[in-house]
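Notes to accompany the following structure.
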Amino acid sequence: MGEEFWIGLAAGAAVGAVIAAVAVYLVVGKAKMPEPPKPVKPSGAPLRMLALLQREGRLLDFLMEDISGAPDAQVGYGVREMHRKCQEGIKKALDLETVLPNNEDETVEIAAGFDPSAIRLTGNVAGSPPFKGRLIHPGWRVKTMRVAAPPEGADEFVLAPAEVEMP
């Protein structure tokens, strides 16, 4: 067999390999490849209190407004009303208790095994518990929460809907 035969055989094999590769691509390409997982939408549950404070006391409106040019008396009046309404909203939605029962500026002792998510030690923290220090803030803990879930299909990321008054 001559050289031409072997060149023809090699060329035929190459063409066959290409045809086989195209066939495999077409078959695999038509097969349903699993879609990559969609990113999980974060829960809007933590935003429910913020939405409540907006609804009751318009907290977001106040915080997002530029008050740098407003006179102190005007800001004070606005804050007093917002404070009252937000406080009412919190009391309707939450039963709160302090993390520590002591008053601010009292000396407290923090025993070994304390919960660092409930008690934050600041200043010169050295050694091991028990620790003694001055209470700066007693902390807050939610005992009961009465914040209703939004209606089915509602977008929890809308903290306050746009309001449009029709003529």
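For region 77-101, residues that are open to solvent by less than 50 Å² (accessible area, probe 1.4 Å) and either farther than 19 Å from residue 147 by Cα or touching a Gly at 6+ places or on another chain (Cβ under 8 Å) (or both) total 6. Restricting attention to region 139-167, report how many residues are more than 18 Å from residue 50 (Cα to Cα) and among the small types (Gly, Ala, Ser). Final tally of qualifying residues: 2. When region 138-150 is filtered for residues that are open to solvent by 100 Å² or more (accessible area, probe 1.4 Å) and either of a type in the set (Lys, Arg) or not in a strand (DSSP E or B) (or both), the ones remaining, listed by number, are 140, 143, 146. Select from region 58-76 the residues that are open to solvent by less than 80 Å² (accessible area, probe 1.4 Å) and within 22 Å of the chain's Cα centre (by Cα) and list them in ascending order. Passing the criteria: 59, 60, 61, 62.
Evaluated against (1) of a type outside the set (Lys, Arg); (2) in a loop (DSSP other than H, G, I, E, B); (3) surrounded by 10 or more Cβ atoms within 10 Å (Cβ to Cβ), residue 34 falls short on exactly one condition, (3).
Within region 78-128, being among the basic types (Lys, Arg) and over 28 Å from residue 56 (Cβ atoms) holds for one residue alone: 120.
The values are calculated or read from the model by the stated rules, or taken from the named source; none is laboratory data. None of the values given here were measured: they were computed from a predicted structure. Positions of Cβ are backbone-derived with ideal geometry, glycine not excepted, and every protein chain shown enters the neighbour counts. SASA here: full protein model, heavy atoms, side chains in, ligands and nucleic acids out. Shrake-Rupley method; radii C 1.70, N 1.55, O 1.52, S 1.80 Å.
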